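Read the structure below first, then the notes.
The values are calculated or read from the model by the stated rules, or taken from the named source; none is laboratory data. In this text, all values refer to a predicted model and were calculated from it rather than measured experimentally. Glycine gets a Cβ as well: all are built from the backbone with ideal geometry, and neighbour counts include every protein chain shown.
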Amino acid sequence: MNLTEAPFDVVSIGLDIGGTKTLGLALAQSGEILVQETRPTPQSSDKIVECVVTLFRALTDQLGNYRVSALGIGVAGLVDKDGQLHRAPNLADADGLKLQRSIEPLIDVPVYVDNDANCAARAELIRGAARNVEQALLVTLGTGIGGAVISDGTVVRGAEGMAGEPGHMLVDPNGPICACGMRGCWESYASGTGLVNLATQAVSAGRLNAIVEEVEGEVEKITSEHVTSAARKGDEEAIRVIDAYSWWVAVGLANCAALIDPEIIILGGGLIKEWELLGPRVRTAFDQLLIGASQRATVRIEPAAAGELAGALGAALLAATEAIG
Ligand SMILES: [Zn+2]
């Protein structure tokens with residue numbers, strides 16, 4: 001499409017600030033994604049603000065006759081309803097950043113900010129696995145764990161805007177130290193980092209020798225991909241680690257399901273590319289762990305549909321909805 005010849009229309013811009021990259025896109029009212037761009041995420045507050053403004057301008061400059069109504073930002077961390085980032089374990093030196101107040105004066109449209117997983121849940125509500133669903137839970141399994149609760153068809157933000165952080169539920173008081181500084185968070189077992197923790201424990205017990213050989217004895221170089229790849233090839237010891245990992249994923253999901261009684265649990269994040277390996281194991285363990293699993297309707301467990309654009313798309317949807325009021 002030649003955007004300079006486009007009919008006058010309103011678009012919203014959505015940005016997803018992740019630990020390593022920031023993805024931005026322009027969403028038309030028709031639902032069409034007009035343009036998208038990605039930049040590396042800088043690590044200081046000032047540079048993050050600069051990156052957001054630069055990316056916003058780069059996107060709007062390509063939009064010709066379209067009118068930009070608002071900017072939505074999804075960010076990995078605890079965000080309050082005033083758009084301030086309170087705690088972001090995966091963004092060094094960004095705690096306390098007042099995203100909305102810092103950016104709004106620099107651009108000429110309103111800015112709305114929410115947690116990245118809450119934004120991804122909005123995308124799933126409109127376009128993905130949560131369409132026509134009233135009660136749902138979204139959990140992203142990546143470097144860390146993100147989450148969002150959908151109730152009565154909308155994303156629950158809580159008293160301060162910080163609802164939906166299941167990664168930091170305590171599941172083992174004697175467990176490993178988490179990125180947040182606490183001990184035994186669910187994230188320490190059920191994220192990509194958690195999978196590596198479980199693999200490292202297996203190595204300490206004298207197992208996973210094929211993987212240890214692959215990294216030439218440098219155990220700290222073991223990644224989640226080493227384990228999933230070996231398991232897919234039938235390595236029995238790697239499969240045992242995947243079994244343990246899937247059980248830990250199911251522990252947190254069953255805890256959340258006991259609390260909120262969802263119709264569906266949507267799993268997103270980088271580990272979902274291993275759905276064939278993880279999906280059936282998580283399903284089996286979840287049904288063993290959830291109270292009354294055989295006496296209640298089956299809670300569907302499905303992969304997220306919106307893919308890596310989910311956060312930015314949901315941020316654009318947040319902006320479009322809020323701008324309308
Ligand atoms: Zn934690």
**Request:** Select from the range 189-212 the residues that are free of Cβ contacts under 8 Å to residues at least 12 places away in the same chain, in a loop (DSSP other than H, G, I, E, B) and closer than 14 Å to ALA244 by Cβ and list them in ascending order.
**Result:** ALA205
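Hey, among ILE103, ILE150, ILE107, which residue is buried (at least 24 other Cβ atoms within 10 Å of the Cβ), farther than 15 Å from GLY311 by Cβ, in contact with a strand residue (DSSP E or B) (Cβ under 8 Å, 6 or more places away or on another chain) and β-branched (Val, Ile, Thr)?
Going through ILE103, ILE150, ILE107 in turn, just one is buried (at least 24 other Cβ atoms within 10 Å of the Cβ), farther than 15 Å from GLY311 by Cβ, in contact with a strand residue (DSSP E or B) (Cβ under 8 Å, 6 or more places away or on another chain) and β-branched (Val, Ile, Thr): ILE150.
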**Item:** Qualifying positions in the range 213-231 - outside any loop (DSSP other than H, G, I, E, B) and surrounded by fewer than 20 Cβ atoms within 10 Å (Cβ to Cβ)
**Value:** GLU213, GLU214, VAL219, GLU220, LYS221, GLU225, SER229
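Looking for something modelled with pLDDT of 90 or more, assigned to a strand (DSSP E or B) and of a type in the set (Val, Ile, Thr) - is there at least one such residue anywhere in the range 47-59?
Looking through the range 47-59, none of the residues is modelled with pLDDT of 90 or more, assigned to a strand (DSSP E or B) and of a type in the set (Val, Ile, Thr).
So that you can scan it fast, the table gives a plain yes or no per residue for (1) modelled with pLDDT of 95 or more; (2) among the hydroxyl-bearing types (Ser, Thr, Tyr):
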residue: PRO110; (1), (2): yes, no
residue: ASN115; (1), (2): no, no
residue: ILE126; (1), (2): no, no
residue: THR143; (1), (2): no, yes
residue: GLY161; (1), (2): no, no
residue: ASP172; (1), (2): yes, no
residue: PRO176; (1), (2): no, no
residue: ALA179; (1), (2): no, no
**Request:** Please enumerate the residues belonging to the range 86-109 that are touching a Gly at 6+ places or on another chain (Cβ under 8 Å) and within 18 Å of GLU322 (Cβ to Cβ).
**Result:** LYS98, LEU99, GLN100, ARG101
**Fill in**
Flagged in the range 173-188 as within 8 Å of the ligand (Cβ to nearest atom), among the small types (Gly, Ala, Ser) and within 24 Å of ILE265 (Cα to Cα), in numbering order, are SER188
**Request:** Just name the residue that is farthest from ALA312 (Cα to Cα) out of those in the range 64-77 that are out of contact with any helix residue (DSSP H, G or I) (no Cβ under 6 Å at 6 or more places or on another chain) and surrounded by fewer than 20 Cβ atoms within 10 Å (Cβ to Cβ).
**Result:** ASN65
**Asked** Is it the case that the range 189-200 has a residue that's over 18 Å from VAL251 (Cβ atoms), surrounded by fewer than 21 Cβ atoms within 10 Å (Cβ to Cβ), in the same structural domain as GLY146 (by TED's automatic domain parsing) and not aliphatic (A, V, I, L, M)?
**Response** yes
**Complete:** For the range 153-163 the number of residues that are buried (at least 24 other Cβ atoms within 10 Å of the Cβ) and assigned to a loop (DSSP other than H, G, I, E, B) is 0
**Message:** Between GLY314, GLY268, GLY292, GLY279, which is assigned by TED's automatic domain parsing to the domain that holds SER151 and crowded, with 20+ Cβ neighbours inside 10 Å?
**Reply:** GLY268
**Request:** Return yes or no: is LEU170 hydrophobic (A, V, I, L, M, F, W, C), within 14 Å of the ligand (Cβ to nearest atom) and exposed (fewer than 15 other Cβ atoms within 10 Å of the Cβ)?
**Result:** yes
